[in-house]
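> Quick one: the structure is below, and I'll ask about it shortly.
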Amino acid sequence: MGFVPTMGALHEGHLALIREARARADFVVVSVFVNPTQFGEANDLKGYPRDLSGDVDKCASVGVDVVFHPDAARLYPDAPARLTHVKAGPLGRKLEGRSRAGHFDGVVTVCTALFHITAPHFAVFGEKDFQQLVMLRRLVRDLHMPIEIVPMPVLRDADGLALSSRNARLSPRNRKRALCLFNALTATQALAEEGETRSSRLRKRAREVLAKTPEFEVDYVAVVDPNTFEPTPTLDGPGRLLIAGAIGKRPRVRLLDNGPLFVGASGPTPLF
Ligand code: AMP
């Protein structure tokens with residue numbers, strides 16, 4: 001049995017995860033749940049795109065067996081007097097977790113509940129949310145959950161923008177500007193392939209490219225070890241470049257992107 005947790009407004013990125021689950025499993029469950037406990041800003045939660053009937057159609061088109069769409073009151077009984085939460089460790093307070101206090105506590109708590117309800121053999125997560133993927137690997141290991149976490153690469157539009165449910169909230173102008181993340185990523189990857197190993201130089205290159213789009217407000221640009229998430233001053237193995245920020249006023253849309261860094265074109269190494 002395979003499980004693909006989502007927050008809905010499904011796009012091709014989600015469908016790639018579901019197809020992978022379909023190829024590996026006899027029975028596929030997709031959850032659609034906009035988890036309130038992982039949102040910091042109330043406006044982001046309220047404005048998050050929702051399209052349940054479209055999601056159900058898309059799930060049917062790729063052979064999903066069950067779409068699980070719990071309501072928050074049933075998933076979180078006794079809230080706010082709830083006694084038990086899962087708390088993310090130090091990794092949960094870095095980067096994405098630093099900008100969005102409590103975000104990863106919400107993610108690991110809801111995934112623990114969803115894993116217990118659905119009891120899958122494996123769950124598929126996208127590298128699009130790279131830190132989340134690493135956190136989920138840790139969660140199942142730390143709490144001895146017998147669930148394999150299957151990673152899937154970032155799926156992009158033809159021009160390179162990483163697919164995201166939030167892209168639906170971009171104005172046409174900001175949709176174009178949002179390409180700065182992909183441009184920064186590819187420029188930095190090229191610099192690493194030319195042999196640059198100093199993280200400070202790599203981050204500088206990414207920021208230079210991002211600065212050409214002043215409308216994009218950078219939150220962080222980081223080069224980390226993909227396993228430990230520790231910043232790496234120099235790349236002596238595989239590294240990961242992570243970019244986050246926001247664009248637009250009403251609505252303000254948070255955008256993330258990330259990708260591997262291979263020094264001297266050493267080529268892909270296994271992620272974990
Ligand atoms: P979300 O609905 O945004 O919470 O995403 C649900 C799952 O789909 C997560 O594991 C995401 O990492 C994954 N995902 C979202 N966008 C993409 C993408 N463009 N490529 C690959 N996986 C994605």
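> I need every pair where a residue in the stretch 12-35 that is within 21 Å of Arg50 (Cα to Cα) has its Cβ under 6 Å from the Cβ of a residue that is surrounded by 18 or more Cβ atoms within 10 Å (Cβ to Cβ) and of a type in the set (Asp, Glu), sequence separation at least 6 or different chains.
Partner pairs satisfying both residue conditions: Val32/Asp55.
> Looking only at the stretch 80-97, count how many residues are in a helix (DSSP H, G or I) and touching a residue at least 12 places away in the same chain (Cβ under 8 Å).
Looking only at that region, the number is 4.
> Could you count how many residues in the stretch 131-145 are within 16 Å of the chain's Cα centre (by Cα) and more than 8 Å from the ligand (Cβ to nearest atom)?
Number satisfying all stated conditions: 7.
> Counting only residues that are among the small types (Gly, Ala, Ser), give me the strands (runs of 3 or more DSSP E) lying completely in the stretch 162-272 with at least 2 of them.
239-247
> Okay, moving on. Applying the selection to the stretch 14-48, what residues are near the ligand (Cβ under 10 Å from one of its atoms), under 19 Å from Val107 (Cα atoms) and not in a strand (DSSP E or B)?
Correct list: His14, Leu17, Phe33, Val34, Asn35, Gln38, Tyr48.
> Here's something else I'd like to know. Scan Leu235, Leu241, Leu210, Leu202 and give me the residue that is crowded, with 18+ Cβ neighbours inside 10 Å and touching a Cys at 6+ places or on another chain (Cβ under 7 Å).
Numbers: Leu235 fails: touching a Cys at 6+ places or on another chain (Cβ under 7 Å); Leu241 fails: touching a Cys at 6+ places or on another chain (Cβ under 7 Å); Leu202 fails: touching a Cys at 6+ places or on another chain (Cβ under 7 Å).
Every option except Leu210 fails the conditions.
> Checking Ser165 against (1) buried (at least 18 other Cβ atoms within 10 Å of the Cβ); (2) more than 13 Å from the ligand (Cβ to nearest atom): exactly one of these is not met. Which one?
Failed condition: (2).
> Filter the stretch 49-74 for residues that are hydrophobic (A, V, I, L, M, F, W, C) and assigned to a helix (DSSP H, G or I); which is nearest to Phe3 (Cα to Cα)?
Cys59
> Any chance you could count how many residues in the stretch 119-132 are out of contact with any Asp or Glu (no Cβ under 6 Å at 6 or more places or on another chain) and either surrounded by fewer than 20 Cβ atoms within 10 Å (Cβ to Cβ) or charged (D, E, K, R) (or both)? Walk me through it before giving the result.
Taking the stretch 119-132 first, the residues out of contact with any Asp or Glu (no Cβ under 6 Å at 6 or more places or on another chain) are 119-121, 123, 125-130, 132.
Next cut, either surrounded by fewer than 20 Cβ atoms within 10 Å (Cβ to Cβ) or charged (D, E, K, R) (or both) only: 119, 121, 127-129.
Selection size over the stretch 119-132: 5.
> I'd like to know if the stretch 70-91 contains one or more residues that are over 15 Å from the mean Cα position of the chain (by Cα) and under 29 Å from Asp157 (Cβ atoms).
Checked against the condition, which is being over 15 Å from the mean Cα position of the chain (by Cα) and under 29 Å from Asp157 (Cβ atoms), the stretch 70-91 yields no hits at all.
> If the requirement is being modelled with pLDDT of 95 or more, among the acidic types (Asp, Glu) and either surrounded by fewer than 17 Cβ atoms within 10 Å (Cβ to Cβ) or over 19 Å from the mean Cα position of the chain (by Cα) (or both), which of these qualifies: Glu194, Glu148? Even if it seems obvious, please write down each step before you answer.
Working: Glu194 fails: modelled with pLDDT of 95 or more.
One residue alone meets the criteria, Glu148.
> Residue by residue through the stretch 1-13, note down the ones that are touching a strand residue (DSSP E or B) at 6+ places or on another chain (Cβ under 8 Å) and either more than 14 Å from the ligand (Cβ to nearest atom) or among the small types (Gly, Ala, Ser) (or both).
Scanning the stretch 1-13 gives Met1, Gly2, Gly8, Gly13.
The values are calculated or read from the model by the stated rules, or taken from the named source; none is laboratory data. Being a predicted model, the structure only gives us computed values, none of them experimental. Every residue, glycine as well, gets a Cβ built from its backbone with ideal geometry; the counts of neighbours run over all protein chains shown.
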